[in-house]
1. The stretch 33-144: D in µm²/s via Stokes-Einstein (Kirkwood Rh, Cα pairs, 20 °C, 1.002 mPa s)?
2. Per-residue counts of other Cβ atoms within 10 Å, averaged by peptide: what ranking do you get for 108-120, 77-89, highest first?
Amino acid sequence: MSNSPNSESDTWRVSAEETRRDYTSFALAGLRARHYAGVFHRVERAKNPTFLATILLDGFERALEVKFTSVPKTGGNVLIQGQLSGLPLSENHRRFDFCRDVEAPYRAQGIISLTGATLSIGILPARSADGSRIYVCHLEIVRDHA
């Protein structure tokens, strides 16, 4: 084994990658299913239209919360910002943007890329029994098995 700067740097990089992968495994511990769902409810008194979905995790006395906010932009466009809470993730992994589905204007998808896993969060329109429009939160956990 050589003590060249490149080999030490490579060892450090591999070790850091393994640490991030282990942290992701820890953060997602208890999330055994691949799909989870909740229903978004409007948050009152928010400056911009904001909705929150709570996803209860069976047997772990823990819940995840997914929030999205519609932020008006110039030219009449709207940016949909998301936030995931309830998992021990770093701050830069908790916030994400949703991309609208061009074929279905009321659907949107957000992605949180982690080392070793990807969280896909969808906003899906539905109708309640009384005919009113509701939005369903679909959380999919895609683990890398490398």
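Values quoted throughout were computed directly from the atomic coordinates according to the rules given, and no laboratory measurement underlies them. All values reported here derive from a predicted model rather than from experimental measurement. Every residue, glycine as well, gets a Cβ built from its backbone with ideal geometry; the counts of neighbours run over all protein chains shown.
1. Values: Rh = 14.8 Å.
Rounded, D is 145 µm²/s.
2. Details: 108-120: 17.5, 77-89: 15.2.
Descending packing order for the listed peptides: 108-120, 77-89.
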